[in-house]
Amino acid sequence: MTPNPSGTRETEDDTRPAKMPRARWARWWRVGEPRPPRRTVVSASVTTSVALTVLVAVGTLTHQTVLIPPLAATTAIVTATPGSPLAQPRHVLGGHLLSCLVCFTVLALGWHGPWAAALACGAACGLGLLFKVAHPPAMATVVMIMLTEPRATHFTALLATGATLLVLVQLVSSRLQREVYPTTWW
């Protein structure tokens, strides 16, 4: 090893400093992607609040607030990343409704509880990928259905209404801002 005027040690076959300077070490956690513009942050925050307020109102009126957690995750994807494939209506509606179908099929087969929920999540995820409607928050829908076992007709209609409302709120928000959403309908 040879001493270096900067106070770090270097080996002859490795010219990197043996001790990283503190200023460079403190930046290891910084992400290389730029921050979104303020307008995008404000828009996503306001649109998320409006969409969830609508969902809470519908959930309270119908006594089905159990739909709020999975649709809240969907709202975050739709409002924060509206250009993402996962935020498009096909994935939002198709992912939740396919997951719903898988769950009620599993329940009809007589499987119940958390173990059945795990199997239903796997099946819904695989089918979502196969039919090109993958939507990660729909896995929360699977868990909700498997653990609460609601009536299929009532729950499916509420889920479709809630997912449609989220898409419509984002559609109105993007039109007001002269942005493009959705990038693809189906």
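The values are calculated or read from the model by the stated rules, or taken from the named source; none is laboratory data. Values in this document were obtained by computation on a predicted structure and should not be read as measured data. So basically every Cβ, Gly included, is an ideal-geometry build from the backbone, and we count neighbours across all protein chains shown. Please note that ligands, DNA and RNA were not included when accessible areas were found on the heavy atoms of the full protein model with its side chains. Shrake-Rupley method; radii C 1.70, N 1.55, O 1.52, S 1.80 Å.
Within segment 156-186, the set of residues being open to solvent by 70 Å² or more (accessible area, probe 1.4 Å) and either touching a His at 6+ places or on another chain (Cβ under 6 Å) or of a type in the set (Lys, Arg) (or both) comprises ARG175, ARG178. Checking the structure you have, find out if any residue of segment 150-171 is farther than 25 Å from SER49 by Cα and touching a Leu at 6+ places or on another chain (Cβ under 7 Å). Checking segment 150-171: not a single residue is farther than 25 Å from SER49 by Cα and touching a Leu at 6+ places or on another chain (Cβ under 7 Å).
Being touching a Phe, Trp or Tyr at 6+ places or on another chain (Cβ under 6 Å), within 27 Å of VAL58 (Cα to Cα) and at pLDDT below 95: is that true of ALA152 here? So ALA152 fits the description; yes. Restricting attention to segment 68-97 and to residues that are in contact with a Leu (Cβ under 7 Å, 6 or more places away or on another chain) and buried (at least 24 other Cβ atoms within 10 Å of the Cβ), the residue that is farthest from PRO137 (Cα to Cα) turns out to be VAL78. List pairs: first residue in segment 52-81 and closer than 15 Å to GLY95 by Cα, second residue surrounded by 14 or more Cβ atoms within 10 Å (Cβ to Cβ) and hydroxyl-bearing (Ser, Thr, Tyr) anywhere in the structure, Cβ distance under 6 angstrom, at least six positions apart or on different chains. Sorted first by the residue in segment 52-81, then by its partner, the pairs are PRO70/THR141; THR75/THR48. Restricting to segment 128-137, name every residue that is surrounded by fewer than 18 Cβ atoms within 10 Å (Cβ to Cβ) and either in contact with a helix residue (DSSP H, G or I) (Cβ under 6 Å, 6 or more places away or on another chain) or touching a residue at least 60 places away in the same chain (Cβ under 8 Å) (or both). Matches in segment 128-137: PRO136 only. Can you go through PRO69, PRO114 and tell me which one is over 20 Å from THR184 (Cα atoms) and more than 20 Å from the chain's Cα centre (by Cα)? Result of the check over PRO69, PRO114: PRO114. Within segment 144-164, residues that are under 23 Å from GLY113 (Cβ atoms) have Cβ atoms under 7 Å from residues that are open to solvent by 60 Å² or more (accessible area, probe 1.4 Å) and of a type in the set (Ser, Thr, Tyr) in no pair, counting only partners at least 6 apart in sequence or on another chain.
Each residue in segment 105-122 was checked for being open to solvent by 40 Å² or more (accessible area, probe 1.4 Å), in contact (Cβ under 8 Å) with a residue 24 or more places away in the chain and part of a helix (DSSP H, G or I), and 1 of them qualify.
Considering segment 155-186, and only residues there that are outside any helix (DSSP H, G or I) and β-branched (Val, Ile, Thr), the residue that is modelled with the lowest pLDDT turns out to be THR184. Test THR153 against the criterion of being farther than 30 Å from VAL42 by Cβ, open to solvent by 70 Å² or more (accessible area, probe 1.4 Å) and among the β-branched types (Val, Ile, Thr), and give yes or no. Yes: the conditions hold for THR153. Just one of the listed residues (ARG39, ARG35) is loosely packed, with under 13 Cβ neighbours inside 10 Å, over 14 Å from the mean Cα position of the chain (by Cα), not in a helix (DSSP H, G or I) and not aromatic (Phe, Trp, Tyr), namely ARG35. Only residues that are open to solvent by less than 10 Å² (accessible area, probe 1.4 Å) and either at pLDDT below 90 or in a loop (DSSP other than H, G, I, E, B) (or both) were counted across segment 138-149, and they come to 0.
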